[in-house]
Amino acid sequence: MTLGASTARADRREASLHAHAVAGLATAGDAAAAEDGSAPLGGLAVRASYATHNAFQYDAALTLLATGGAGFPSTTFTPPGRPPLTGAYTVATQLARLDGGVTLRPGVVWIPTVRLAAGVQARRSGGPVVESGGLEVSGEALTGRGSDLGVDVVGVATVGLDHRIDRRLIVGAAVGASYAVPLGGEAFRTLEVTLHVSRYWYPR
């Protein structure tokens, strides 16, 4: 492939490995709250891809994310053997997401991208941290609730712009969202901004 080629397409039979830095906002539900809470998130991701066509590539991504404490309104907790505890509270989340999909990429030097993917994620919701009497109270013995581990089916969509530095190196940015369908857990959604660097090679 030559960057000055007249056709504005990427190469088929490209393989690539992408490293992402992720930041954004998460919105989560909680069984004790009538409203969802939100918190900032951050994390890292790696993505591998292979193109069988000039205009798109198949890929799979592993994403590790953590959120700050999502805030929820005042609630009364009743730990066994202890007096009730009332106050607003926060819950932090960590997750590992594995998804696969297709990325459209109509360009060579400047490359708009649209990615659609689906997969699963394991999600750990920490125990609540309750604000009570000017103090933060946590721990299963004091709140009656510990951490929970759940599994979601998740859909992911992103749009972005990549820039090809040379035949092997591409950098880019994207914005996207994920929507979890919990398998017995609470709602969870993200808005994500990613910066990434990608290394390409041609196994065939």
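Extension gain Ser147-Arg189, at 0.36 nm per residue separation less the Cα-Cα distance, in nm?
13.2 nm
Please get the size of the charge dipole for segment 15-201, origin at its Cα centre, with Cβ charges of +1 on Lys and Arg and -1 on Asp and Glu, quoted in debye to the nearest 20.
Charge dipole, segment 15-201, about its Cα centre: 740 debye, nearest 20.
Mean 1/r over all different Cα pairs, inverted: what Kirkwood radius does the chain give, in Å?
The answer is 18.7 Å.
Please give, to one decimal in nm, the separation of the simple spin-label points placed at Ala34 and Tyr202, each 7 Å out from Cα toward the Cβ.
6.3
May I ask you to evaluate 6.51 cos²θ - 1.76 cosθ + 1.60, the Karplus curve with θ = phi - 60°, for each residue of segment 111-117 and list the ³J(HN,Hα) values in order in whole Hz, giving x for glycine and proline?
With the stated coefficients, segment 111-117 comes to 10, x, 10, 9, 10, 10, 8 Hz.
Go ahead and set up a Gaussian network model of the chain, Cα springs under 10 Å, then flag whichever of Ser38, Ser16, Ser74 fluctuates most.
Result: Ser74 has the largest fluctuation of those listed.
What spacing in nm lies between the two simple spin-label points modelled at Leu17 and Leu116, each 7 Å away from Cα in the Cβ direction?
In this crude spin-label approximation the distance works out to 3.0 nm.
Run the quick spin-label model on Thr86 and Val46: label points 7 Å from Cα toward the beta carbon, then report their separation in nm to one decimal.
So the label points at Thr86 and Val46 sit 5.1 nm apart.
Here, each number is a calculation from the coordinates, and none is a lab measurement. Because the structure is predicted, anything quoted here is derived from the model rather than measured. Please note: Cβ atoms are built from the backbone with ideal geometry, for glycine as well, and neighbour counts cover all protein chains shown.
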